[in-house]
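Have a look at the structure below before the remarks.
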Amino acid sequence: MIKTIKQQLSEILTGTKECRKLPEDSYSHMKYPKIFSLMDFRVDRYRIEGYGHVMMMHTATKMGMELLTVSFMPSEGLRMPYLLIDAMEMKKKSCVFAEYYGCGENDFPDENLKSIYEQFKGLPDYKEKENWYIRERMPYSLIKSGTEEELVSMTLASARGYLSMIPSAKKDPSYLLKLEQFRTRMIEEGNPSSKTLEMLLKKDGALRFMKEVVMPVDQTE
């Protein structure tokens, strides 16, 4: 499932107007531990002109678990939710989170996202531990388990629906401040990848990674 989602999301992104893949850097290939690696990380970064950044991180472990995290960050200040897609697959267990965060705003033109929620809301809910960011999600977020076909379809529909918002979204410089404030909470109060990133990059490195790669809020690369 993970490889299918990654490949097809990559095709959607590269087929999106004004999207380009950024050059590889020191974050593109990482291992933990470095000598006898138990976890391998592949990070791909994209820039969509007029929108912002997308990061895709694929994690493969020696235990057979695969994870995919895709961060859609409207870092040029478009009034769109922040979208975080997390997918997990291990043996017969799999789930996908399509998490939309309003970062203090609620009146987005998000009819497409609500329609996608209605299409997939019948899939089994995935039970997760209580955390602060759960309460911050938009109500049409999808936290689901299901068959590979169902979860792939849900993920791709979510990404396409989200990207379809870009042409009509309005720029609001004040929204950048709210995105930055939300990013600060994700760093200070914790996010699903906090422990993994600190293990891999130490605390200061994880902070830089969140600011520069996962959730950049300025227009620099």
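Think of each Lys and Arg Cβ as +1 and each Asp and Glu Cβ as -1; about the Cα centre, that makes the dipole of region 1-104 roughly 340 debye.
The largest-to-smallest principal axis extents of the Cα set in region 60-126 are 42, 30, 16 Å.
Beyond 21 Å, what share of the Cα-Cα pairs of region 1-74 remains, rounded to the nearest whole percent?
Of the Cα pairs, 30 percent sit more than 21 Å apart.
Label point of residue 65 set 7 angstrom out along Cα-Cβ; within region 173-192, amide nitrogens under 15 Å from it belong to 192. As an equivalent ellipsoid, region 2-214 spans semi-axes of 25, 21, 18 angstrom, where each value is the square root of five times an eigenvalue of the C-alpha gyration tensor, largest first.
Quick one: Cα centre-to-centre distance for region 38-93 and region 164-206, in angstrom? Spelled out, the Cα-based centre of one part sits 12 Å from the other. Each listed q (0.18, 0.21, 0.22 Å⁻¹) maps to a log10 I(q)/I(0) for region 107-221 from the Debye sum over equal C-alpha point scatterers, namely -1.21, -1.32, -1.32.
For the peptides 179-185, 53-59, 34-40, the ranking by mean Cβ contacts within 10 Å, running from highest to lowest, is 53-59, 179-185, 34-40. In this simple spin-label model, placing a label point 7 Å from the Cα along the Cα-to-Cβ direction at both residue 108 and residue 172 gives a separation of 1.1 nm.
Estimated from helical segments only, the mean residue ellipticity of the chain at 222 nm is -10500 deg cm²/dmol, where each DSSP H run of four or more residues counts as -39500 (n - 2.57). Qualifying chymotrypsin sites (Phe, Trp or Tyr not before Pro) in region 103-134, where qualification requires a DSSP coil assignment and no more than 10 other C-beta atoms within 10 Å, are lacking entirely.
Read-outs throughout are calculated quantities, based only on the coordinates presented, and are distinct from any laboratory measurement. Keep in mind the model is a prediction, meaning the values are calculated, not measured. Quick reminder, even Gly has a Cβ in these numbers, built from the backbone with ideal geometry, and neighbours come from all protein chains shown.
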